[in-house]
1. Taking the stretch A:190-216, which residues are part of a strand (DSSP E or B) and either at positive phi or more than 15 Å from the chain's Cα centre (by Cα) (or both)?
2. Could you say whether any residue in the stretch A:225-232 is at pLDDT 90 or above and closer than 14 Å to residue A:51 by Cα?
3. Exactly one condition in (1) closer than 20 Å to residue B:124 by Cβ; (2) within 14 Å of chain A (Cβ to nearest Cβ) is not met by residue B:168; state its number.
4. Among the listed residues A:34, A:60, identify the single one that is within 26 Å of residue A:5 (Cβ to Cβ), away from chain B (no Cβ under 14 Å) and not in a helix (DSSP H, G or I).
5. Look at residue B:199 and say whether it is surrounded by fewer than 16 Cβ atoms within 10 Å (Cβ to Cβ), away from every other protein chain (no Cβ under 14 Å) and not in a loop (DSSP other than H, G, I, E, B).
6. Any residue at all in the stretch B:202-211 that is free of Cβ contacts under 8 Å to residues at least 40 places away in the same chain and either assigned to a helix (DSSP H, G or I) or within 30 Å of residue B:37 (Cβ to Cβ) (or both)?
7. Can you find a residue that is surrounded by fewer than 16 Cβ atoms within 10 Å (Cβ to Cβ) and within 14 Å of chain A (Cβ to nearest Cβ) anywhere in the stretch B:130-147?
8. Just to be sure I understand, how many residues within the stretch A:167-177 are within 18 Å of the chain's Cα centre (by Cα), part of a loop (DSSP other than H, G, I, E, B) and surrounded by fewer than 23 Cβ atoms within 10 Å (Cβ to Cβ)?
């Protein structure tokens, strides 16, 4: 372990999936990445580039085939058992038979927080996501954006220092999406959590991130990292020249990566 | 709107029943059909009202056996499904047994149970009902426990939830609609099995015995009155379990 505090450290990670027919899919090849505490890092790339796989490895939902991952200096398994991260997926994944409040309290309940502690925390979170009036509603009574807000509140329930998000806004319309991005920025500023955010939207990645990690497929690897340092992330940023420069930089890197892998990619399709 | 729709769903079958009964009555009267062939609905209704208290007693006796069998079979089916879902080898061990139980006419077990527990005791008849209920309960519960979305499985792993916790917060609540559907199917089977088991003998005061002894005593209209009692008992079991299922579905909301 090094002395510098790192939220996530990924070193030379390989991931190979074996298919049923005995074939191999090289999902990740020699991927290295560090995420600092409080840093917002997006993973972007075309389908099959392994961005979701990388997030799942950090979350210890899958195991690495080679290389090493550390989360707060621990193995991903230990970090998972210590509940060092909160997680949200493209599907909100709420339990339909639980109310909004009971869904937010789910991780607290599993980890033995008493009823009063749970209620205090879910009150805070409901206020944070602006759904106080829906506490006793069931998920089927909510819109897609509301469900996703509940899922994010659930991910933040235990005040994790790391949030892992796999295309959490992927299923939302553009208007809701931008609104949710603004909310996420506010939430992250409040909590100071590091975020690993998987997306395939360039503007979304640029708007949210301190760094955008561009990946390419077959095998999944990192082709480049775009550093972004905006003074403030608010509605004005979306119209700012610096924002468009960021978008262009990410797009250029994405397309360059695709051109490089071109002939093989075409053949494999 | 809602009352109109309810009225339609209730009134339509009632109207059909009235028409069928009227035609039946007219047919029996017009062609002077003998009661041992087909008694008239009016005759059955009369027999039903005059011997109402003994029909009620017989229904209570058979109904109690069915209820105990339903409870035993439901608990056993759910419990074994929980274990089978957790332990793959147990699941594989149980597959042929459950398949055998599903194809064997379970009332055929009645004489065997009578030999074991004595025909006079109700135990044999309750066990027949229990075994009949067990099959749909086991299969439905197991199916329900396996309806877990990948995102929920990931969540449980991310929360480092134990198998017991995952069962409690995810698998069992998720299986409830399947369990209640199994219970609804099982409720009819419990009544049928408890009743048919009485055909295999034993001094009982149930509906099955009443039907056979009325028919044997040439009291055909009386036998039909007891059959009507059996229909009502089965409808009661089905209605209550279907009601529980509908209530639960309303309470949970959609997905």
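The values are calculated or read from the model by the stated rules, or taken from the named source; none is laboratory data. What you see is a predicted model; the values in this text were computed from it and never measured. Methodologically, a virtual Cβ is constructed for each residue, glycine included, from the backbone with ideal geometry; neighbour enumeration extends over all protein chains shown.
1. Answer for the stretch A:190-216, where residues must be part of a strand (DSSP E or B) and either at positive phi or more than 15 Å from the chain's Cα centre (by Cα) (or both): just A:216.
2. yes
3. Among (1) closer than 20 Å to residue B:124 by Cβ; (2) within 14 Å of chain A (Cβ to nearest Cβ), residue B:168 violates only (1).
4. Matching residue, one of A:34, A:60: A:34.
5. Yes: the conditions hold for residue B:199.
6. yes
7. Yes: one or more hits.
8. Residues in the stretch A:167-177 being within 18 Å of the chain's Cα centre (by Cα), part of a loop (DSSP other than H, G, I, E, B) and surrounded by fewer than 23 Cβ atoms within 10 Å (Cβ to Cβ): 4 in total.
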